[in-house]
Amino acid sequence: MRLKLEKRPEPSIAMQVLTPILSVVATMFIGMIVFDLLGIDGFRAVVDIFLTPLLASYKWQDVAVKAAPLIIIALGLSVGNRAQVWNIGAEGQYIIGALCAAGVGIAFGPVGGFFVVLLMILAGMLGGGAWAAVPAVLRTRFNVNEILSSLMLTYVAAQVLSYLVGGPWKDPNGRNFPATAPLQPDQTLPILVPGTTIHLGVLIALVLPFVFWLVMSRAVFGYQVRVVGSSPQAARHGGFDSRRTIMSTLIIGGAMAGLAGALELTGALKAINLGFPSGYGFSAIIVSFLGRLNPIGCLIAGIVLAVTYVGGQVAQTTVHIPNATAGIFQAMMLFMILASDILIRYRVRLVASAKPQTVAGE
Amino acid sequence: MTLDLIIAALMTVVGLTTPILLAGLGELVTEKSGVLNLGVEGMMLMGAISGFAVTVFTFNPWLGVLGAAFGGAASSMLFAVLVLQLNSNQVATGLALTIFGTGLSSLIGLSFVGRIVPPFSSIFPAALSRHPVWQVIFGYSPIVYFALIMVPITAWFLHRTRAGLILRAVGENDHSAHSIGYSVVGVRYAAIAFGGAMAGIGGAYFSMVITPMWAEKMTAGRGWIALALVVFAGWRTGRLLAGAYFFGILMALELYAKAAGFSFMPSQFWAAMPYLMTVAALTIISARGTQGANAPACLGKPFLPST
């Protein structure tokens with residue numbers, strides 16, 4: 001008996017929806033076993049990481065605030081990934097977006113209000129888009145691999161941040177600590193639910209998936225992206241300019257990451273310090289795949305990842321697992337989802353066979 | 001500048017070059033077989049902690065290097081099963097390996113923070129390895145010489161042996177290689193494992209030689225520079241060696257510029273320099289378009305035999 005893969009006539013929609021759910025469940029089980037092997041109470045750890053944030057209502061606001069940037073960045077990245085464009089520098093675009101927003105805020109000094117905040121957010125989108133335009137131009141003009149260039153620019157962005165918050169933008173009243181001064185109260189986003197930390201950015205993260213869904217499924221642009229991704233040759237024949245698609249998908253990814261950075265600054269953190277880059281840009285790549293590059297999927301997957309972030313902090317205090325554990329769970333989910341991709345296009349069947357499956361050397 | 005300073009600078013360059021040279025050689029072989037593994041950074045970190053842990057327990061750095069190679073190769077198998085057996089997307093899977101390796105190495109490393117390991121004893125007599133001048137040639141850890149020896153060995157393997165020819169055939173045209181009876185998947189497993197082992201040893205150079213201590217994320221993006229190095233080198237071993245030293249010099253300049261307090265530019269400028277220069281170097285190489293001829297034709301594409 002051996003397993004045989006049979007190509008399905010049509011990609012399975014049921015599997016598209018089922019596999020992400022199964023991936024999360026499988027990750028929970030494997031995590032439980034691994035933790036027990038490491039001498040940590042695995043059941044307790046998994047419950048705290050995956051369920052406590054959902055069951056304890058006082059954790060909901062943390063989940064919402066953490067999910068917002070993940071969803072927004074993942075939406076932008078999904079567009080690129082659909083066109084087989086790999087922007088893995090969203091973290092850098094997020095940083096530059098936040099810095100641009102902070103720069104506008106500082107330029108306005110004590111002046112605040114609706115238009116200033118709007119300008120700050122637009123500056124964030126522009127900054128993130130511009131940072132992503134560098135790998136976009138390098139890719140379309142000089143054929144430079146965007147994976148490497150976008151990632152290298154993330155390290156550069158971190159140095160720009162370090163320079164600005166430790167130098168020209170350092171808070172003069174901040175005890176020489178490298179951080180910007182807190183934003184003026186009227187340069188920040190309004191709080192939506194009184195008494196919580198849920199800010200306007202959370203609402204934006206809830207609405208944007210539907211906007212992206214409309215554009216990707218109803219507009220020509222969405223079609224163009226999918227054609228360029230699945231068959232560049234067909235795209236050329238169809239008169240689609242794949243270079244323009246590559247350019248625009250990268251810049252959209254950057255603008256969304258920049259937006260997330262600006263919203264995080266004006267809505268959640270109110271100041272930038274060296275700890276501002278928190279890896280949202282990398283986790284959003286996982287969100288985008290866990291959400292199957294679908295805008296609504298990204299919304300749900302963003303919440304799942306946010307739960308593991310918040311739950312990871314819970315488990316840090318209850319079962320004393322290290323900070324890095326949430327990252328392991330997130331990577332495991334990504335492995336699972338990638339491994340289960342094959343179930344969409346193939347079905348697995350048990351067939352009798354005389355010859356055992358060839359075992360690969362090494 | 002005195003002779004002492006020049007020697008110290010040269011030795012810094014060699015030290016900084018070694019990890020990216022090792023990881024770059026491994027990735028070059030993996031890519032020659034048609035597989036793009038973006039998990040180099042994760043495999044380096046897994047190698048760094050594995051090598052460190054083995055050395056802590058055995059007090060033997062040689063076993064530590066073996067452990068590092070094993071740790072890197074073992075983590076690469078996770079990637080290999082997914083992309084070879086399940087045809088998953090190579091870019092995303094490699095990325096997952098980097099995220100996973102970063103997290104798992106931090107978790108394992110918790111109990112090793114603050115420990116130190118015995119250093120390698122030199123393979124040359126102290127009269128040479130401690131000599132104020134000749135230490136520039138004889139004064140390194142054995143890993144450095146291993147990396148240098150692996151350059152001609154890899155070149156010889158790829159271009160002068162039958163196994164190397166098969167590996168390149170699999171990377172150039174997987175379907176043809178398959179139809180004349182070579183195991184595409186088997187060759188790729190071996191190439192990925194080699195890439196993982198070399199990245200692991202490269203990572204161990206950080207935890208066992210440079211610091212020698214464990215700190216999470218201690219490879220600081222060098223895995224990505226190794227990936228850029230392979231493109232920069234146009235998939236050629238000789239150019240990989242030259243490129244590795246070019247990047248090594250850049251990173252040494254950063255250290256010296258910071259130490260010398262070049263105040264006309266902030267220190268962050270020098271820290272960002274290797275990354276900016278990587279982008280610049282990739283642009284120059286890619287714009288010339290000459291490296292395309294040497295890029296394996298099947299790089300990054302899944303292999304689906306029609307039978």
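Can you pull out every residue in region A:92-106 that is surrounded by fewer than 24 Cβ atoms within 10 Å (Cβ to Cβ) and either within 14 Å of chain B (Cβ to nearest Cβ) or touching a helix residue (DSSP H, G or I) at 6+ places or on another chain (Cβ under 9 Å) (or both)? Talk me through it step by step, then tell me what you get.
If we filter region A:92-106 for residues that are surrounded by fewer than 24 Cβ atoms within 10 Å (Cβ to Cβ), which is where we start, we get A:103-104, A:106.
Within region A:92-106, A:Gly103, A:Val104 qualify.
Does region B:90-105 hold any residues that are more than 23 Å from B:Lys301 (Cβ to Cβ) and within 16 Å of the chain's Cα centre (by Cα), and which are they?
Across region B:90-105, the qualifying residues are B:Gly101, B:Thr102.
If you take the residues of region B:200-225 that are facing chain A (nearest Cβ under 9 Å) and assigned to a helix (DSSP H, G or I), which of them is surrounded by the most Cβ atoms within 10 Å (Cβ to Cβ)?
The initial filter retains those residues of region B:200-225 that are facing chain A (nearest Cβ under 9 Å), namely B:216, B:220-221, B:224-225.
Now narrow it down to the ones that are assigned to a helix (DSSP H, G or I): B:224-225.
On the way: B:Trp224: 26, B:Ile225: 29.
Restricting to residues being facing chain A (nearest Cβ under 9 Å) and assigned to a helix (DSSP H, G or I), the top hit is B:Ile225.
Criterion first (surrounded by 18 or more Cβ atoms within 10 Å (Cβ to Cβ), within 30 Å of B:His159 (Cβ to Cβ) and out of contact with any helix residue (DSSP H, G or I) (no Cβ under 7 Å at 6 or more places or on another chain)) does B:Ala197 satisfy it?
On the way: surrounded by 18 or more Cβ atoms within 10 Å (Cβ to Cβ): yes; within 30 Å of B:His159 (Cβ to Cβ): yes; out of contact with any helix residue (DSSP H, G or I) (no Cβ under 7 Å at 6 or more places or on another chain): no.
In short, no.
From the list B:Ile123, B:Ile143, B:Ile153, B:Ile116, which residue is in contact (Cβ under 8 Å) with a residue 60 or more places away in the chain, surrounded by fewer than 16 Cβ atoms within 10 Å (Cβ to Cβ) and away from chain A (no Cβ under 11 Å)? Walk me through how you get there before you give the answer.
Numbers: B:Ile123 fails: in contact (Cβ under 8 Å) with a residue 60 or more places away in the chain; B:Ile143 fails: surrounded by fewer than 16 Cβ atoms within 10 Å (Cβ to Cβ); B:Ile153 fails: in contact (Cβ under 8 Å) with a residue 60 or more places away in the chain.
Result of the check over B:Ile123, B:Ile143, B:Ile153, B:Ile116: B:Ile116.
Looking at A:Ile33, A:Ile73, which is the one that is free of Cβ contacts under 8 Å to residues at least 60 places away in the same chain and hydrophobic (A, V, I, L, M, F, W, C)?
Working: A:Ile73 fails: free of Cβ contacts under 8 Å to residues at least 60 places away in the same chain.
Only one candidate passes the filter, namely A:Ile33.
Which of (1) among the aliphatic types (A, V, I, L, M); (2) within 12 Å of another protein chain (Cβ to nearest Cβ); (3) surrounded by fewer than 19 Cβ atoms within 10 Å (Cβ to Cβ) is the odd one out, the single condition A:Ile13 does not satisfy?
Against the list (1) among the aliphatic types (A, V, I, L, M); (2) within 12 Å of another protein chain (Cβ to nearest Cβ); (3) surrounded by fewer than 19 Cβ atoms within 10 Å (Cβ to Cβ), A:Ile13 comes up short only on (2).
What do you reckon, is B:Ala190 assigned to a helix (DSSP H, G or I) and more than 13 Å from chain A (Cβ to nearest Cβ)? Steps first, please.
Working: assigned to a helix (DSSP H, G or I): yes; more than 13 Å from chain A (Cβ to nearest Cβ): no.
No, not satisfied.
Give me the helices (runs of 4 or more DSSP H) completely within region A:242-354, filtered to those with at least 3 residues that are under 28 Å from B:Leu38 (Cα atoms) and more than 14 Å from chain B (Cβ to nearest Cβ), ordered by residue number.
Numbers: elements: A:242-263, A:280-290, A:295-318, A:325-340, A:342-345.
Qualifying helices (runs of 4 or more DSSP H): A:242-263, A:295-318.
Bear in mind these aren't lab numbers, they're just calculated from the coordinates by the rules spelled out. Only a predicted model underlies this, so the values are computations on that prediction, with no experimental measurement involved. Neighbour counts run over all protein chains shown; Cβ positions are idealised from the backbone, glycine included.
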